[in-house]
Amino acid sequence: MSKSLTEKINIYITVDLQTINSYFNAHDPSPLYKKQINQKFEHYILSAVSSAKRYSAIFYKLNCPGAVNKQYAEPLMHAVKRHFSNKKMIRESEFKKFKRRNLMLLAISGSIVITSEAFLPVLLSSEHIGNIYNGLKNCLDVFSWVILWKPIYELLFAWNPYLKDILLLNKLATAEVIIIDDKISGEFEQQKRFNNQIEVEVSNSLTYESLLSN
């Protein structure tokens, strides 16, 4: 996908009295702005930003027909951003554990290798067991490579998915909210016709209402 198609990603959400409750966990008795969003709504948002890159800008575009429905926009977005902010903190905690675990494993593995390399010649210094020493030395080299490979590989290559997830969750927790009201609906429809190809490719023709109907 070209860079122009992923520079700006819009997440369209309809906010009205008929749909507002469908975005939340039905078993959560908390106030609206503290409610847990349900898994289907979360899946819709994550699917909408699946093509996001490091440089992508993400926007929430709320369709609020009528002045009455606008009162639900702020608590809804507070709940959504709070949800992704919490997921970001969880992912950051997992990343810290990942680094700490692999650094500790690397330190332990390195200590074993250094200790073995230092004391093995002393223990097997006699000339008549030189052949045994050479065999054990070769085994030790293989063993050193095996125990050092995993932590080195993890620290060099496996950290990127953590940073990618943290960046995306941060964007979802801080994205700008744009309310589409009746006054600009005509302008919005005209813009949508002109940019239909780009908008369809970015959003993958996906709406939350289509997910609810499945």
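Odds and ends about this structure:
- So I180, is it in the same structural domain as I11 (by TED's automatic domain parsing), surrounded by 13 or more Cβ atoms within 10 Å (Cβ to Cβ) and modelled with pLDDT of 70 or more: yes
- R91 meets the stated requirement of being within 13 Å of L168 (Cα to Cα), modelled with pLDDT of 95 or more, of a type in the set (K, R) and surrounded by 15 or more Cβ atoms within 10 Å (Cβ to Cβ).
- Being at pLDDT below 90 and either among the hydrophobic types (A, V, I, L, M, F, W, C) or more than 18 Å from T174 (Cα to Cα) (or both) is not true of S22.
- Applying the set (1) in contact (Cβ under 8 Å) with a residue 60 or more places away in the chain; (2) not charged (D, E, K, R); (3) not assigned by TED's automatic domain parsing to the domain that holds E176 to S22 leaves exactly one unmet item: (3).
- Test: residue in the range 30-49 that is assigned to a strand (DSSP E or B), among the aliphatic types (A, V, I, L, M), assigned by TED's automatic domain parsing to the domain that holds I178 and crowded, with 17+ Cβ neighbours inside 10 Å: yes
- Residue match in the range 67-74 (condition: of a type in the set (D, E), over 21 Å from the mean Cα position of the chain (by Cα) and under 22 Å from T14 (Cβ atoms)): yes
- Pairs meeting the criteria (first residue in the range 146-165 and under 23 Å from I90 (Cα atoms), second residue in a helix (DSSP H, G or I) and basic (K, R), beta carbons under 8 Å, at least 6 apart or on different chains) are L155/K99; W159/K99; Y162/R91; D165/R91.
- Filter result (part of a helix (DSSP H, G or I) and either surrounded by fewer than 15 Cβ atoms within 10 Å (Cβ to Cβ) or among the small types (G, A, S) (or both)) within the range 50-77: V68, Q71, A73
- Residue pairs meeting the criteria (Cβ under 6 Å; at least 6 apart or on separate chains; first assigned by TED's automatic domain parsing to the domain that holds F143, in the range 98-112; second of a type in the set (A, V, I, L, M, F, W, C)): N102/L155; S109/I147; S109/L148
The values are calculated or read from the model by the stated rules, or taken from the named source; none is laboratory data. Every value quoted in this text rests on a predicted model; they were computed, and no experiment measured them. Cβ: placed from backbone, ideal geometry, glycine included. Neighbour counts: every protein chain shown.
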